[in-house]
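> Can you keep this structure in mind? I'll have questions shortly.
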Amino acid sequence: MLTLRELNRALLARQLLLERRKLGVQQAVERICAIQAQWPQSPYIGLWARLAGFRKEQLTHALEQHRVVKTQLFRITLHITSARDYPYFFAFWGPAARDRTSGVSKEKLEELTRRVRAVAIERPVTQAEVEELAADEMHGMRWRTRTLTPLVHLPPGGTWSHYGRAHLRAMEAVLGVELPSPEDGAERLVRSYLAAFGPATQEDILRFAGVRVGDIRPGVERVELRRFRDERGRVLLDVPRAPLPDGDTPAPVRFLPKWDSSLLAYAPPERTRILPEEFRRTVIAKNGDVLPTVLVDGFVAAAWDVGTKRDLTIKPLRRLTRQERAAVDEEGERVVEFFRS
C-alpha cells in the first residue's frame, strides 16, 4: 500500500521535479512522456523546472532538428514528444480517436486519411487546408480532422514566441518513418506513461490518452507490471524498478507552466497526489484552462503569472510559512530571469 505522500514523491521523482537533472532535451522529454504545448512557453518553462542549466535555445534547436516534435496528440491537444516516441504514440492514439468520429464509416475515414496524408507528404499545409480537405465529409466536425493522420508542426511553430499560423507536414516526410502497429504503440504508451506518472490506475492511463479500455489492452498485456494499492484500496499499475522515494523525501519549490501534465495525467480524484482537491476548481477552470502553479513541499500551493513587463505575481492558495514564502520568492526570481534571458 502506498500513501498519498509516497505517490506524490514518486511522481516528482519521475517528472524530474525532486532535483534538476543534466539531460539532453530529447532524453528529458522521453523521461516525462509528453509535454502539453497549447501555450508556446509551457514546454520551455516545464523543461527549465526540470533540467540543470536549461536554455531556451536547447528546445528550439531540438525542434528545428526534429529530435522532438510538436503535434496534435492525446485528447486532441497539442503536445511536444520525442521524435522516437511520436510514431508509436500516434499509431496507438490516432486510429482510436479517428474511428470514434460519429456518423462516418471506417472506410470513409480511411479514404480521408489517405487524402490528407498525400497532400501533406508533398508540401506543408495549414490546419485550415486540412479541414477543407476533409471536414465536410466528417459532417463539419472540423476539429476531428486532427485525428486523421500524423502531422508535425514545422518550426517556428512550437517555439517560444510563435503565435502565428502553424504549417504542418506529414510525419513520414519529416521523420522518414512509417507508423508501427497499434499494438506496438499501445505497449510504448503504457510503458512510457507508467515510467513517467506511475504508479497509476488503468483509468488514469485512459484519461491521459483519451482512449477506451480496448485500445490500451494490448499494451497492458505486453508490459511486465507490478501492482500496488493506494489508501482507498484501488489497484495501481507500475513498471519494474521505477523510483518510489520515501514520502518524507524533501521536495524543493518548483514553478510549473500552464497545463503541466503532472496535474492532468490522472483521472479525478487521483489528481490529489499533486493538486489538493480544495484548489482544483481554482487551478483548473471549467473551460479546461490550467493556471501556472507553484509546488511547495511537492503539492500545489500557489498560482503565478509573469506579465508583459516580466513582473512576477504570486497568488498563494494556502497560508505559506515565512520559510516557504522565502523559498517561493527565491525560485520566482529565477523564473523571471529565465523569461528575460
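> Mind giving me the FRET efficiency for ARG226 and ALA128? R0 is 56 Å, r the Cβ-Cβ distance, nearest 0.05 is fine.
0.75
> Same structure again: Starting at the first residue of segment 72-82, write each ³J(HN,Hα) from the Karplus equation 6.51 cos²θ - 1.76 cosθ + 1.60 with θ = phi - 60°, in whole Hz, x for Gly and Pro.
Using θ = phi - 60°, the values come out as 7, 8, 3, 6, 6, 10, 6, 9, 10, 9, 5 Hz.
> With charges set only on the Cβ (+1 for Lys and Arg, -1 for Asp and Glu), what does the dipole of the chain come to about its Cα centre, in debye to the nearest 20?
440
> What are the ³J(HN,Hα) values, in whole Hz, obtained from phi via the Karplus relation 6.51 cos²θ - 1.76 cosθ + 1.60 with θ = phi - 60°, for each residue of segment 237-249 in sequence order, with x given for Gly and Pro?
Calculated HN-Hα couplings, in order: 9, 7, 8, x, 6, 6, x, 9, x, 4, x, 8, 4 Hz.
> Where in segment 66-83 does the amide nitrogen come within less than 13 Å of the point 7 Å from the Cα of ALA267, taken along Cα to Cβ?
none
> Whole number in Å², please: accessible area per residue of the chain, 1.4 Å probe, ligands, DNA and RNA not counted.
Per-residue accessible area for the chain comes out at 44 Å².
> Among the listed pairs LYS70/LYS258; LYS22/LYS315; LYS22/LYS70, which have their C-alpha atoms separated by more than 25 angstrom in this model?
Pairs exceeding 25 Å: LYS22/LYS315.
> Something else: With the full set of protein chains in place, find how many percent of the accessible area of segment 1-83 is carbon and sulfur; take the probe as 1.4 Å.
48
> Determine ³J(HN,Hα), in whole Hz, for all residues of segment 282-296 in sequence, where each value follows from phi through the Karplus function 6.51 cos²θ - 1.76 cosθ + 1.60 and θ = phi - 60°; x replaces Gly and Pro.
Computed from phi, the couplings for segment 282-296 are 6, 7, 10, 6, 4, 7, x, 5, 10, 5, x, 10, 10, 8, 10 Hz.
> Looking at PRO87, HIS61, ILE76, which one has the Cα that reaches farthest to the positive end of the dipole of segment 56-107 (charges on Cβ: Lys, Arg +1; Asp, Glu -1)?
ILE76
> Give me the percent of accessible area attributable to carbon and sulfur for segment 227-341, probe 1.4 angstrom.
C and S fraction of accessible area: 49 percent.
> Which of rounded, prolate or oblate describes segment 285-338 when judged by the alpha-carbon gyration tensor and an a/c cut-off of 1.5?
Oblate is the answer for segment 285-338, as a/c is 1.5 or above yet b/c matches or exceeds a/b.
> Return the calculated 222 nm mean residue ellipticity for the chain, to the nearest 500 deg cm²/dmol, obtained by summing -39500 (n - 2.57) across DSSP H runs with n ≥ 4 and dividing by the residue count.
-12000 deg cm²/dmol
> With point charges of +1 on the Cβ of Lys and Arg and -1 on the Cβ of Asp and Glu, referenced to the Cα centre of the chain, which listed residue (ALA195, SER42, PRO124) lies farthest in the positive direction of the dipole?
SER42
> Counting only protein heavy atoms and using a 1.4 Å probe, what share of the accessible area of segment 109-169 belongs to carbon plus sulfur, as a whole percent?
With neighbouring chains kept in place, the figure for segment 109-169 is 51 percent.
> Still on this structure, please answer the following. If the only charges are +1 at each Lys and Arg Cβ and -1 at each Asp and Glu Cβ, what is the size of the charge dipole of segment 16-148 around the Cα centre, to the nearest 20 debye?
Charge dipole, segment 16-148, about its Cα centre: 600 debye, nearest 20.
The values are calculated or read from the model by the stated rules, or taken from the named source; none is laboratory data. Note that the structure is predicted; figures quoted are calculated from it, not measured. Cβ atoms come from the backbone with ideal geometry, glycine included; neighbour counts cover every protein chain shown. Calculation scope for accessible area: heavy atoms of the full protein, side chains included, ligands and nucleic acids excluded. Shrake-Rupley method; radii C 1.70, N 1.55, O 1.52, S 1.80 Å.
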